[in-house]
Amino acid sequence: MKISLFVSLLLLFTSSVVADDFTGLYKVGSGQTYYMKSKDQADATVSIYTTKVEKDSLDIEYYIQSQNSFIKQELWQQFRLEKGSKGPLKLTKGYILSDNMKNPETMESKHIKGADGVQMTDFLFGSFDEINKHLKNTEEVEVPAGKVKAHRYSISNNGQTVEFWISVDTKPLTMLKLVSKGKKKHHNYSLNLETLVRNVKAKIDPKKSVALSKSTRKLLETSLK
């Protein structure tokens, strides 16, 4: 499985995380599952859910599953976001695990923060004022449960343009749909909400993580080119 899209999807979580206290807004094991289509790899499902919630930090995990020639392929990544005195949340830790790894591996800072194109953390985890600079319209979006009122945002950077739709009425705010287009293959994909998830157990245990292997480092660095 290519992991370039997974790196590009860094922190496409539940939109703007601007709560004073995360414990009052997020629940461990809760999140969303999306259907992902892309030009350069098989369709996949992507689940994004919380694994740990503290007042000033939030741990989230991604689980991506795709089918290739009758073989199921699986990949997990887990990240920690921490609030500073001001500005967007900071990515401070990252881990990766695939179905052919014995233990999760600790990502290096350049792999956590090095994805090119649109940097989702710059606005999805910023202030409302910063996010609303990119607001284009309010419209209805079709989801499995029916039509939902949503704000549509758009942002471009380094040859990549991302449009995404955020629910207006749910808390925490939820991304309903995303369409990315760009000059690189891994810039071109779409996400559509399939379902909300509850009581999901974390696959990655950071205490069991080992140093990044040469093969995983090569994959991560290739995906960022």
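Once the piece of chain linking T92 and A42 is laid out straight, how much longer is it, given 0.36 nm per residue of separation minus the C-alpha distance between them? Walk me through the numbers on the way to the answer.
Working: separation 50, 0.36 × 50 = 18.00 nm, distance 3.05 nm.
Computed gain between T92 and A42 is 14.9 nm.
Students often get this wrong, so check it: of K177/K201; K177/K203; K55/K201; K27/K93; K183/K203; K149/K183, which have C-alpha atoms separated by over 22 Å? Intermediate values should be presented prior to the final figure.
Numbers: K177/K201 24 Å; K177/K203 25 Å; K55/K201 20 Å; K27/K93 20 Å; K183/K203 33 Å; K149/K183 31 Å.
Violating the 22 Å limit, Cα to Cα: K177/K201; K177/K203; K183/K203; K149/K183.
What distance in nm separates the simple spin-label points at E139 and K183, each placed 7 Å from Cα in the Cβ direction?
Calculated label separation equals 2.7 nm.
Return the long-range amide H neighbours of S30 (sequence gap of 5 or more, or a different chain), with a cut-off of under 5 Å between placed amide H atoms.
For S30, whose amide H was placed from the backbone, the distant partners under 5 Å are T50, N199, V200.
Tabulate in residue order the Karplus-calculated ³J(HN,Hα) for segment 179-191, using 6.51 cos²θ - 1.76 cosθ + 1.60 with θ = phi - 60°, rounded to whole Hz; enter x for Gly and Pro.
Once θ is set to phi - 60°, the couplings for segment 179-191 become 10, 10, 9, x, 7, 9, 4, 6, 7, 9, 7, 9, 10 Hz.
What is the sum of charges around T161, taking Lys and Arg as +1, Asp and Glu as -1, for the other residues whose C-beta is under 11 Å from the C-beta of T161? Spell out each step's value before the answer.
On the way: positive: K181, K183; negative: E163.
Charge balance near T161 sits at +1.
Report the full-extension gain for the segment V197 to K149: residue separation times 0.36 nm, less the Cα-Cα distance, to one decimal in nm. Please list the in-between numbers first.
Values: separation 48, 0.36 × 48 = 17.28 nm, distance 2.04 nm.
Contour length minus the Cα-Cα distance gives 15.2 nm.
Work out from phi, with θ = phi - 60° and the Karplus expression 6.51 cos²θ - 1.76 cosθ + 1.60, the ³J(HN,Hα) of each residue of segment 90-104, listed in order in whole Hz, and give x for Gly and Pro.
9, 7, 10, 9, x, 9, 9, 8, 10, 6, 10, 9, 6, 10, x
Got a sec to turn the phi values of segment 23-38 into Karplus ³J(HN,Hα) couplings, 6.51 cos²θ - 1.76 cosθ + 1.60 with θ = phi - 60°, whole Hz, x for Gly and Pro?
Couplings: 5, x, 10, 10, 10, 4, x, 9, x, 9, 10, 10, 9, 10, 10, 9 Hz.
Using amide H atoms built 1.01 Å from N in the peptide plane, name the residues 5+ places from M107, or on other chains, whose amide H lies under 5 Å from its own.
G94, Y95, I96
Could you tell me what % of all Cα pairs in segment 138-225 have separations over 20 Å?
Tail fraction, whole percent: 57.
Packing-wise, with mean Cβ within 10 Å as the measure, how do 36-48, 136-148, 71-83 rank, highest first?
On the way: 36-48: 17.3, 136-148: 12.2, 71-83: 18.8.
The densest-packed peptide leads the list: 71-83, 36-48, 136-148.
Which cross-chain or sequence-distant (5 or more) residues have an amide H under 5 Å from the amide H of L75, H modelled 1.01 Å from N in plane?
Here the answer is I64, since their amide H atoms fall under 5 Å of that of L75.
Can you list the lysines whose alpha carbon sits under 24 Å from that of K184, skipping same-chain ones fewer than 8 residues off?
K2, K37, K39, K110, K113, K218, K225
Compute the length gained on full extension between K102 and T23: take 0.36 nm times their separation in residues and subtract their Cα-Cα distance, giving the result in nm to one decimal.
On the way: separation 79, 0.36 × 79 = 28.44 nm, distance 3.21 nm.
Taking 0.36 nm per residue and subtracting the Cα distance, the gain is 25.2 nm.
Read the figures in this text as sums done on the coordinates, not as results from a lab. The model shown is predicted, which means the values in this text are computed figures rather than measured ones. All Cβ positions, even for glycine, are placed from backbone atoms using ideal geometry, and neighbour counts span all protein chains on display.
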